[in-house]
């Protein structure tokens, strides 16, 4: 079937329409392409198809620096120009607000501002994760393909920080060599790099149990010259494994990054934005929108290791930071010490219980007009933070403007 791709969808596909008007999601094509496609699924309201030939390429189609675009699942829009990518993302957002949010085009024009973006098209990621496979007794590292059941073997990635062009190949070679004489039991491999601090960490995710620590640390140190090598041990069912311990094999045992006038140190299991410059734009936009004041208290829910907590603490009188994930809580406490910030209450717990959305209180109550226990928890916690209570740590509660009455606002 011959199709002209009209736009990009969320995910990997281009959108076209068949002669009968049915929507067709086309794999392997970009907006503006005219293609020959093979139908792989014909549903009641839409079809899925796979590109078999590009009859007329889009003016926005480019030759990407990565040979695995369209095969690897990591950069599905990699053969689309940066300007076209940004335009497609904005159009998808506008369409979603109109179709699902039921906003008028005029309202959407007010809501949607020009995209703020970094200058780097490639070479910006501070982290990549690799899936190990064993071929003829040797470890190979790769990434999940467009077909998630397949692993695409790689020894380079143009998305990874361009200041470390040989890091991935060196890690692949070292682990391949080690696997010839040792059973490493690898579940995944993570590499983090910072062009600002020059930190380079290799994290090996394995089950608990015996492990050739000294050999692994020596070979990786010689091949990669990392600032940190760690082993992240996990246990439990495959689909619900949890971290039991992080073991330092060599170097500092964690990774550092400079961001937003501060420094963060992160353990391998902790989340951090993969685009540091993009994260700084996000922080800037959030701070501009909140406009936190010196006499206000901020509540940072699901705060992680402190990406927003630290800048809030520099601007507010006090911050209540809530996070349930143990490694992130420990990293946050360490990051507060590194940045010499002592006006943060780190709450290791469930944010839903600590500070649930106030809209939840408008739900029907159980029989007997008895409030939900969750609501009791939230009311008690909020009272403790208000002026006059012995647990109060500031004059104003800084939360989201639509969640609390009167002048309480934002975080």
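The values are calculated or read from the model by the stated rules, or taken from the named source; none is laboratory data. Remember, it's a predicted structure, so these values are computed and weren't measured experimentally. Backbone-built Cβ (ideal geometry, glycine too); neighbour counts: all protein chains shown.
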(request) Taking residue 59 as meeting all but one of (1) outside any strand (DSSP E or B); (2) crowded, with 19+ Cβ neighbours inside 10 Å, write down the number of the exception. (result) (2)
(message) Given the criteria over 28 Å from residue 123 (Cα atoms) and out of contact with any strand residue (DSSP E or B) (no Cβ under 9 Å at 6 or more places or on another chain), does residue 294 qualify?
(response) yes
(request) Determine the pairs where a residue that is on the phi > 0 side of the Ramachandran plot and free of Cβ contacts under 8 Å to residues at least 60 places away in the same chain, located within the range 176-189, has a partner that is assigned to a loop (DSSP other than H, G, I, E, B) and surrounded by 15 or more Cβ atoms within 10 Å (Cβ to Cβ) with Cβ atoms under 6 Å apart, the partner being 6 or more residues away or on another chain. (result) none
(request) Keeping to the range 286-305, report how many residues are in a helix (DSSP H, G or I) and over 25 Å from residue 328 (Cα atoms). (result) 2
(message) Criterion first (closer than 25 Å to residue 133 by Cα and within 23 Å of the chain's Cα centre (by Cα)) does residue 243 satisfy it?
(response) yes
(request) Kindly list the number of the only condition in (1) modelled with pLDDT under 95; (2) more than 19 Å from residue 121 (Cβ to Cβ) that fails for residue 72. (result) (2)
(message) Considering only the range 105-112, I want to know if a residue exists there that is more than 30 Å from residue 164 (Cβ to Cβ) and surrounded by 14 or more Cβ atoms within 10 Å (Cβ to Cβ).
(response) yes
(request) Can you work out which of the residues in the range 253-269 that are closer than 18 Å to residue 207 by Cα and touching a helix residue (DSSP H, G or I) at 6+ places or on another chain (Cβ under 7 Å) is surrounded by the most Cβ atoms within 10 Å (Cβ to Cβ)? (result) 267
(message) Filter the range 253-285 down to the residues that are over 21 Å from residue 225 (Cβ atoms), in a strand (DSSP E or B) and under 18 Å from the mean Cα position of the chain (by Cα) and list them by number.
(response) 259, 264
(request) Please go through the range 256-312 and pick out each residue that is under 17 Å from residue 342 (Cβ atoms) and without any contact (Cβ under 8 Å) to a residue 40 or more places away in the chain. (result) 294, 303, 309
(request) For residue 151, state whether it is surrounded by 15 or more Cβ atoms within 10 Å (Cβ to Cβ), touching a residue at least 24 places away in the same chain (Cβ under 8 Å) and under 22 Å from residue 207 (Cα atoms). (result) no
